[in-house]
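Notes follow once the structure below has been shown.
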Amino acid sequence: MKILINYYIKRNQDGDFIAGQVFFDSLVSNDENKKIPDDLRVNLSKSGNPDCDTSIKFLQSHNAHAGTFHEHSLMHIYSKRVRDEIVEVISKYNMEQEEINSEPEKLEYATVMENDDLAPPPMPAYVLPENVYMIDINHLQEMNEMLMDMLDEDGNEIDG
């Protein structure tokens, strides 16, 4: 898809700007026309009128009532705003398409990130494998002492 922006400028004999118009043309192939949704729209109004939201696939439909500019700077501001809006709409659409079409990466190993600002999920969310226990690091010394009390000097478990 290509979008053409044409300026028609009327100048006086000294070359000074008298009036100008901006016309937009969307050049869309048949395949693109089928793929690009109709709800991708940009506002072609000089004053922001929402009735002038126009399909990006047929911007030339607004050219009949685009209006004439009598100040070159206002014409430039208008065309830049529309151009930026076109780029934004297309970029957002392409970004959404990439997100939809991409597959999530599959990691070969678990990624662990520590962040003190994040609260852990509620306890029922933790599903630990069999024979795996969660220990509060603040009570590690107590746990170690309790385990040492359960072993003899050779490291064998004390019955009882």
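Between L27 and S61, the simple label model (points 7 Å from Cα in the Cβ direction) yields a spacing of 2.1 nm.
For segment 2-101, the Cβ-based charge dipole about the Cα centre amounts to some 300 debye (Lys, Arg positive; Asp, Glu negative; other atoms uncharged). Within the straight-line cut-off of under 24 Å between alpha carbons, the lysines reachable from K34 are K2, K57, K92, sequence neighbours fewer than 8 places apart in one chain being disregarded.
For the peptides 137-146, 77-86, residues were scored by their other Cβ atoms within 10 Å and the scores averaged per peptide; the highest-first order is 77-86, 137-146.
Based on other C-beta atoms within 10 Å, arrange K57, K92 from fewest to most.
Details: K57 18, K92 11.
The order, fewest Cβ neighbours first, is K92, K57.
Bear in mind that the values in this text are calculations on the coordinates, not laboratory data. Bear in mind that the values here come from a model prediction, so they are computed numbers and not experimental data. A quick note on method: Cβ atoms are made from the backbone with ideal geometry, for glycine too, and the neighbour counts reach across all protein chains shown.
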